[in-house]
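The values are calculated or read from the model by the stated rules, or taken from the named source; none is laboratory data. In this text, all values refer to a predicted model and were calculated from it rather than measured experimentally. Backbone-built Cβ (ideal geometry, glycine too); neighbour counts: all protein chains shown.
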Amino acid sequence: MDWSPIILTLQLALASTALLMVLGIPVALWLVGGQSRWRTFVHAVVALPLVLPPTVLGFYLLLWMSPQGWLGRLWALVADQSLVFSFGGLLVGSVVYSMPFVVQPLVGAFSAVPKSALEAAASLGASPVDRVFSVLLPSSRPGLIVAAVLGFAHTLGEFGVVLMIGGNIPSRTRVLSIAIYEHVEAQDYAQAHLLSAALVGFSLLVLLLVYARAGKAGVWSR
């Protein structure tokens, strides 16, 4: 059995989850606390991957990340290599595609924190940054866990976006979902079934843990 698609998929999911949390937390904080007229527009843009077909999103990402695209040219200047058909390209696509699955739980978790707790911290002299790290994030820990797990799990099964921008290069861009598709095309249903069943079982386990954790913490009831 070729383990490289599984290893590559796990590496992509871990890296994507880390980036999603680093980027998603500031975005969610701004969406919760901001009064800008752009707030609704930004919220809609972040949620756009929920309704766009993955191939459409992948097509535009491919144009932007190509050597002629603005992102591809910028990446070439910094890293001196192509962004498309690379792990870096997969990472960018996965972060964009999974962003709403991280930001939306974070927005819900941050919105549920009582304003009185933040006001009390402010009255004791805590700065806005201190209030975020000492009050908001600790109080939102169940939501942070849900967001991270959903971002990780969603990256595992992505197919359309990664195929458009990464192709099918063994040990480089051939992730688990593409390996399953390749086995089906080759009529190797035994391997396709093995990988698919493992992915279904893992995804179900992740969701059970998320719902159990969120239910105990009262995330959904909020």
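Do we have any residue at all in the stretch 80-99 that's more than 13 Å from Val32 (Cβ to Cβ) and without any contact (Cβ under 8 Å) to a residue 12 or more places away in the chain? Don't jump to the end; show me each part of the working.
Taking the stretch 80-99 and keeping what is more than 13 Å from Val32 (Cβ to Cβ), we get 80-99.
When the remaining residues are screened for being without any contact (Cβ under 8 Å) to a residue 12 or more places away in the chain, the result is 80-81.
Yes, that holds for at least one residue.
Do we have Pro142 as of a type outside the set (A, V, I, L, M), surrounded by fewer than 16 Cβ atoms within 10 Å (Cβ to Cβ) and touching a helix residue (DSSP H, G or I) at 6+ places or on another chain (Cβ under 7 Å) here? When the stated conditions are applied, Pro142 does not pass them. Checked against the criterion of being farther than 28 Å from Arg174 by Cα, out of contact with any helix residue (DSSP H, G or I) (no Cβ under 9 Å at 6 or more places or on another chain) and part of a helix (DSSP H, G or I), the stretch 99-117 contains one or more residues that satisfy it. Residue selection: Val206 satisfies the criterion of being under 30 Å from Ala28 (Cβ atoms), part of a helix (DSSP H, G or I) and in contact with a Phe, Trp or Tyr (Cβ under 9 Å, 6 or more places away or on another chain).
Okay, residues lined up against (1) over 19 Å from the mean Cα position of the chain (by Cα); (2) surrounded by fewer than 17 Cβ atoms within 10 Å (Cβ to Cβ); (3) on the phi > 0 side of the Ramachandran plot; (4) modelled with pLDDT under 90:
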| site | (1), (2), (3), (4) |
| --- | --- |
| Thr9 | no, no, no, no |
| Ala28 | no, no, no, no |
| Leu50 | no, yes, no, no |
| Leu57 | no, no, no, no |
| Leu63 | yes, yes, no, no |
| Ala79 | yes, yes, no, yes |
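Taking the condition under 16 Å from His154 (Cβ atoms) and without any contact (Cβ under 8 Å) to a residue 60 or more places away in the chain, does Leu23 pass?
Details: under 16 Å from His154 (Cβ atoms): yes; without any contact (Cβ under 8 Å) to a residue 60 or more places away in the chain: no.
No.
Counted as qualifying within the stretch 1-92 are the helices (runs of 4 or more DSSP H) with 2 or more residues that are closer than 20 Å to Thr173 by Cα, namely 4-33, 54-65, 70-79. Note on the stretch 134-190: among residues that are in a helix (DSSP H, G or I) and charged (D, E, K, R), the one that is nearest to Leu19 (Cα to Cα) is Arg141. Filtered by the rule that a residue be without any contact (Cβ under 8 Å) to a residue 24 or more places away in the chain and touching a helix residue (DSSP H, G or I) at 6+ places or on another chain (Cβ under 8 Å), the stretch 182-194 gives His183, Val184, Tyr189, Ala192.
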